[in-house]
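The values are calculated or read from the model by the stated rules, or taken from the named source; none is laboratory data. Everything numeric in this text was worked out from a predicted model, so none of it was measured. Cβ atoms come from the backbone with ideal geometry, glycine included; neighbour counts cover every protein chain shown. Keep in mind that these areas ignore ligands, DNA and RNA; they rest on the heavy atoms of the full protein, side chains included. Shrake-Rupley method; radii C 1.70, N 1.55, O 1.52, S 1.80 Å.
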Amino acid sequence: MKAEQGDLRDNAGEIRLLPESIDDLWHLEHLIFPGDLAFATTFRSVESATDKIRPEKVEKRPVRLGIRVEKVEFSGHGVRLRVAGTIEHGVDCGAYHTINVETGYEISVIRQWRPIDLERIDRAVKASVFGVIHILTIEEGEAELFRLRQYGPESVITLTAGSGKGGETDTRTGFFDAVLKCIAEISGPLIIAGPGFIKDDFVRYAKNKNSAPAGQAIVVETRRIGRGAVQDVIGSGTLEKLMGDLQLSREVKLMDEVLLRIAQDGAVAYGKKPVESAIEYGAVEEVLLADTLIRDQTIVPLIESAERMQAKIVVLSTEFEPGERLDALGGIAALLRYKVG
């Protein structure tokens with residue numbers, strides 16, 4: 001989740017929120033309430049002006065609207081959040097409108113924020129995949145490594161040919177070796193970007209040197225290096241795909257752990273009643289919830305109880321195999337601190 005606060009007075013005011021995963025949509029459902037004022041860029045039907053009495057066609061155009069929220073609910077398999085209410089700011093004031101919030105879609109909410117709301121936002125932001133993704137921009141004799149943060153790219157280090165001690169970066173191989181040292185400790189995803197063939201030459205060299213980060217890196221063609229290249233990467237859609245892959249990878253690992261513990265009769269619970277019992281014992285460490293159960297009113301109190309004991313909640317999409325496997329177990333499972341029952 002990305003979050004940007006305006007000037008809050010006594011915890012009242014506007015917070016801009018951008019969900020990055022289904023988990024974040026789950027958080028948003030618990031952050032937007034009837035009576036709140038929500039702003040978003042959405043599509044609204046606008047009649048085309050013609051010289052005829054009846055317009056020839058009605059087209060939808062992006063407009064910025066502010067609605068007084070009346071209802072918040074998940075739609076379909078929980079892949080989007082529907083925020084519905086009456087328009088108070090923008091075109092067609094007084095009309096009813098629904099904002100469909102998906103991952104990567106920004107919404108601003110103005111309300112009185114409770115401490116528990118601000119804590120939930122902080123938790124969602126800290127769980128963001130940003131901060132683990134690095135982008136190395138490189139061309140002949142110049143390289144810069146960036147770490148992606150919520151507020152934008154953070155420069156980690158800049159290298160130029162000839163900047164090493166004793167002329168160790170004067171040659172191309174010396175320069176490449178210096179860059180390899182800079183990325184050696186990276187454990188998260190790495191994107192290598194730049195114009196021309198230098199980035200490809202570097203990747204080949206790195207693979208020959210058995211560099212794990214470079215060997216698993218995504219290579220992106222850009223027009224520039226430096227911050228300009230980072231913007232090119234963002235504009236290419238590579239980050240969206242990478243973040244989706246990261247989320248799916250996490251879901252796979254969690255479900256593998258659930259199934260392993262089931263096979264070993266370990267500290268795990270699955271199905272509504274066993275998970276509910278584990279929560280009552282205070283044994284739950286992490287809850288996995290299929291998106292098909294997000295709107296189940298018998299599940300919501302159970303999840304809220306788990307959250308109050310600081311258990312992590314992970315929502316899995318049933319569009320992918322991990323979510324399908326969870327759905328087959330009753331749609332809910334929990335990794336426990338210790339066995340119960």
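In the range 206-248, of all residues being of a type in the set (Ser, Thr, Tyr) and touching a strand residue (DSSP E or B) at 6+ places or on another chain (Cβ under 8 Å), the one that is nearest to Ile192 (Cα to Cα) corresponds to Thr222. Scanning the range 117-130 for residues that are of a type in the set (Ser, Thr, Tyr) and open to solvent by 40 Å² or more (accessible area, probe 1.4 Å) gives no hits. The requirement of being closer than 21 Å to Leu246 by Cβ, aliphatic (A, V, I, L, M), under 25 Å from the mean Cα position of the chain (by Cα) and buried (at least 22 other Cβ atoms within 10 Å of the Cβ) is fulfilled nowhere in the range 302-313; no residue meets it. Across the range 199-257, the number of residues qualifying as small (Gly, Ala, Ser) and closer than 26 Å to Asp177 by Cβ comes to 9. Any idea which residue in the range 276-301 is nearest to the chain's Cα centre (by Cα), counting only those that are among the β-branched types (Val, Ile, Thr) and farther than 23 Å from Glu119 by Cβ? So, considering only residues that are among the β-branched types (Val, Ile, Thr) and farther than 23 Å from Glu119 by Cβ, the one nearest to the chain's Cα centre (by Cα) is Thr292. Taking the conditions (1) open to solvent by less than 30 Å² (accessible area, probe 1.4 Å); (2) in contact with a Gly (Cβ under 9 Å, 6 or more places away or on another chain); (3) more than 29 Å from Ser187 (Cα to Cα) in turn, Ile133 satisfies each one other than (3).
The residues in the range 300-325 that are within 13 Å of Leu248 (Cβ to Cβ) and in contact with a strand residue (DSSP E or B) (Cβ under 6 Å, 6 or more places away or on another chain) can be counted, and the count is 6.
Anything in the range 60-116 that is open to solvent by 30 Å² or more (accessible area, probe 1.4 Å), among the aromatic types (Phe, Trp, Tyr) and not in a strand (DSSP E or B)? List them, or say none. Result: Tyr105, single match. Among the residues of the range 192-201, the one identified as modelled with pLDDT under 95, of a type in the set (A, V, I, L, M, F, W, C) and touching a strand residue (DSSP E or B) at 6+ places or on another chain (Cβ under 7 Å) is Ile198. For the range 12-49: of the residues being modelled with pLDDT under 90 and open to solvent by 50 Å² or more (accessible area, probe 1.4 Å), which is nearest to Asp122 (Cα to Cα)? Checking each candidate, the answer is Phe43.
Inspect the range 165-176 for any residue being in contact with a Phe, Trp or Tyr (Cβ under 6 Å, 6 or more places away or on another chain), modelled with pLDDT of 90 or more and crowded, with 16+ Cβ neighbours inside 10 Å and give the result as yes or no.
The initial filter retains those residues of the range 165-176 that are in contact with a Phe, Trp or Tyr (Cβ under 6 Å, 6 or more places away or on another chain), namely 169, 176.
Imposing the further condition that a residue be modelled with pLDDT of 90 or more reduces the set to 176.
If we keep only those that are crowded, with 16+ Cβ neighbours inside 10 Å as well, we get 176.
Scanning the range 165-176 turns up at least one residue that is in contact with a Phe, Trp or Tyr (Cβ under 6 Å, 6 or more places away or on another chain), modelled with pLDDT of 90 or more and crowded, with 16+ Cβ neighbours inside 10 Å.
Any residue in the range 94-118 that is among the acidic types (Asp, Glu) sitting within a Cβ distance under 8 Å of a residue that is open to solvent by 40 Å² or more (accessible area, probe 1.4 Å) and part of a loop (DSSP other than H, G, I, E, B)? List the pairs, counting only those 6 or more apart or interchain. Short answer, once both residue conditions are applied: Glu102/Val79.
Looking only at the range 224-246, filter to residues that are under 15 Å from Leu190 (Cβ atoms) and within 16 Å of the chain's Cα centre (by Cα); which one of those is most open to solvent (accessible area, probe 1.4 Å)?
Here is the first cut: in the range 224-246, the ones under 15 Å from Leu190 (Cβ atoms) are 229-230, 233, 238-239, 241-243, 245-246.
Right, trim to within 16 Å of the chain's Cα centre (by Cα) and you get 238-239, 241-243, 245-246.
Numbers: Thr238: 26, Leu239: 9, Lys241: 136, Leu242: 16, Met243: 33, Asp245: 72, Leu246: 50 Å².
Top of the filtered list is Lys241.
For the range 275-292, the tally of residues that are crowded, with 17+ Cβ neighbours inside 10 Å and either in a loop (DSSP other than H, G, I, E, B) or at pLDDT 85 or above (or both) stands at 11.
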